[in-house]
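So the structure is just underneath, and the comments pick up after that.
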Amino acid sequence: MERERRFPVLLFERVKGTKFPVLTNLHASRRRLAAAMGSEPRGAVLAYLQKIARPLAPVDVNTGPVKEVVLKGDAVDLGALPQIVHHQDDAGPYVTAGVTLARDPLSGRLNCSYNRLMMLGKDRFAIHLTTAKHLWEFYTNAEKLGQPLHLAVILGLHPAWSLGALNIGPIDEEEFYLMGSLAGEPMEVVPAETMDLRVPARAEMILEGEILPFERVNEGPFGEFTGYSLGARQREIFVVKAVTHRRDAIFHDISVGHFDHLLLSTIPMEANLFRAVKALVPSVKAVRVPAPFTVYVSIEKKAEGQGKNAILAIFGSDLYIKHVIVVDHDIDIFNDQRVQWAVGTRCQADRDVTIISNVRGSDLDPSDPMDGVTAKMGIDATAKPILKSFTPMHRVPKEVFDRLDLKDYVPASWLGKGTGSNR
Ligand SMILES: Cc1cc2nc3c(=O)[nH]c(=O)nc-3n(C[C@H](O)[C@H](O)[C@H](O)COP(=O)(O)O)c2cc1C
Ligand SMILES: [Mn+2]
């Protein structure tokens with residue numbers, strides 16, 4: 001459907017080898033994601049920032065649909081779930097649409113994120129924790145204490161909850177309290193069966209368990225958001241102690257690297273980057289993540305040096321971003337050609353390119369020889385010293401346009417709405 005440029009939600013009602021229907025492509029439309037927050041597509045990033053500014057605590061309820069079926073201990077069988085292999089070289093079936101919920105054994109704070117899970121058997125997965133992200137931080141705290149890290153994996157979420165789970169910010173900013181505010185109503189929660197966590201009462205399914213200390217297993221290869229299939233690495237093990245679900249639970253899946261994945265991640269990422277640049281450069285106009293590890297920023301530069309301030313703000317606020325291009329506010333950053341035009345005409349490499357070596361980044365970048373230690377590059381493509389005093393752009397005077405009428409020069413059949421393309 002994506003090749004056909006069509007993006008419906010897809011529900012497969014009869015899936016071989018499982019009783020669970022499979023829903024996928026839920027997030028493949030920016031309009032749907034915006035609607036989940038009660039916003040228009042163009043206003044999604046600002047709506048996101050406004051809503052997360054007012055966290056909404058979950059409310060306790062005694063029980064809920066997610067407890068209609070409770071399976072513990074020996075009754076747990078991950079083989080009953082849909083066994084979805086997404087790409088040719090994947091090491092096996094993966095669960096891709098699970099939001100993890102964990103509590104830091106040191107601070108007691110909660111964290112949510114998406115973490116891919118590779119099926120290992122009846123009750124266990126290998127789990128991918130990006131080094132230096134929050135769940136990894138909790139896990140290293142638990143491991144230092146010699147303890148497992150309790151983990152709930154939430155499957156089948158309101159898309160506004162998913163956007164909340166992907167919030168990027170300080171580790172103390174608890175995503176769990178942002179989900180309700182993004183959805184516009186408090187999330188109802190029920191106690192987990194096997195650990196001291198409260199989980200959404202209206203999810204489709206919860207997997208409860210723990211990530212084992214000190215143990216590792218081969219995880220991968222798996223086709224990732226970069227478009228590449230990265231090889232196996234030694235990664236952590238998540239053992240499942242209980243599964244609870246709705247009687248008629250729908251199993252959610254995300255096709256990694258497709259719009260279902262990329263649009264979902266981009267809104268929270270752009271919101272965080274916008275907020276971070278705004279803290280340093282108040283006149284930031286827009287940010288856009290057009291490709292993996294890459295961001296465009298437009299600012300109304302009011303003082304010399306602010307282009308580089310924007311670069312520093314980005315580097316300071318996101319682990320993944322590797323390349324930043326900053327342009328003036330007259331450039332439409334949703335038009336790649338205009339961004340390249342600004343780089344071509346307003347930038348001198350020896351003056352305007354900043355490269356920082358040996359910084360931690362993503363461990364899923366195929367160009368990186370060091371599994372997550374990377375170089376970062378900022379390109380300040382704003383006019384120097386400032387747009388106002390920069391070489392003027394050429395133009396035909398307005399009074400000439402006002403004086404001329406196209407119909408005096410070309411046949412009437414040429415006029416009217418063009419196709420907008422010369423290809
Ligand atoms: C579908 C999907 C799959 C993801 N898979 C992983 C993963 O396997 N490991 C990981 O570290 N991050 C993964 N992420 C990204 C994290 O969820 C994201 O960076 C999140 O903001 C991290 O949370 P934190 O800031 O609380 O650490 C995935 C995101 C999406 C949308
Ligand atoms: Mn977090």
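The values are calculated or read from the model by the stated rules, or taken from the named source; none is laboratory data. Source: prediction; values computed, not measured. Here the Cβ positions follow ideal geometry from the backbone for every residue, glycine too, while neighbour counts run over all protein chains shown. Keep in mind that these areas ignore ligands, DNA and RNA; they rest on the heavy atoms of the full protein, side chains included. Shrake-Rupley method; radii C 1.70, N 1.55, O 1.52, S 1.80 Å.
Relative to the longest principal axis of the Cα atoms of the chain, the long axis of helix 134-144 lies at roughly 40 degrees.
Please report, in whole Å³, the volume per residue of the convex hull around the C-alpha atoms of the stretch 10-70. Provide the component values of the computation, followed by the final result.
Details: hull volume 7.8 nm³, N = 61.
Hull volume normalised by residue count: 128 Å³.
Calculated FRET efficiency, residue 337 to residue 53, Cβ-Cβ distance, R0 = 41 Å: about 0.70 to the nearest 0.05. The coefficient of translational diffusion for the stretch 210-360, derived via Stokes-Einstein from the alpha carbon Kirkwood radius under 10 °C and 1.306 mPa s, stands at 87 µm²/s.
If I fit a long axis through the Cα atoms of helix 306-315 and take the longest principal axis of the Cα atoms of the chain, what angle between them do I get, 0 to 90°, rounded to 10? Relative to the chain, helix 306-315 is tipped by roughly 20 degrees. Between residue 247 and residue 2, residue separation times 0.36 nm minus the direct Cα-Cα distance comes to 85.1 nm.
Using a 1.4 angstrom probe on heavy atoms only, work out the carbon and sulfur share of the accessible area of the stretch 322-386 in %. Walk me through the numbers before you get to the answer.
Working: 1650 of 3000 Å².
Result for the stretch 322-386: 55 percent of the exposed heavy-atom area is carbon or sulfur.
Compared with the dominant Cα axis of the chain, that is its longest principal axis, helix 336-346 is turned about 60°. Per residue, the stretch 89-222 exposes an accessible area of 33 Å² to a 1.4 Å probe, with every protein chain left in place. Model label points for residue 87 and residue 303, set 7 angstrom from Cα along the Cα-to-Cβ axis, are 4.5 nm apart. Working note: 222 nm ellipticity from helices only, DSSP H runs with n ≥ 4, each -39,500 (n - 2.57), summed and divided by the residues of the chain, gives -6000 deg cm²/dmol to the nearest 500.
For the stretch 199-273, what % of the accessible area comes from carbon and sulfur atoms, probe 1.4 Å?
Working: 1240 of 2480 Å².
So the carbon and sulfur contribution to the accessible surface is 50 percent.
With R₀ set to 56 Å, the beta-carbon distance separating residue 359 from residue 71 gives a calculated FRET efficiency near 0.80.
Rg/Rh for the stretch 170-247 to two decimals, with Rh computed the Kirkwood way over all alpha-carbon pairs.
Values: Rg = 16.5 Å, Rh = 15.6 Å.
Result: Rg/Rh = 1.06.
Across all directions, the shadow cast by the convex hull of the stretch 138-180 built on its C-alpha atoms averages 3.6 square nanometres. Note on the chain: percent of Cα-Cα distances in each 10 Å bin, starting at 0 and stopping at the bin with the largest distance, equals 4, 19, 28, 24, 13, 7, 3, 1, 0. Considering only Cα atoms, the convex hull volume of the stretch 268-423 works out to 163 Å³ per residue. Label separation (residue 122 vs residue 415): 8.0 nm, computed from points 7 Å beyond Cα along the C-beta direction.
Within the chain, DSSP assigns beta bridges of which about 80% are antiparallel (rounded to the nearest 5).
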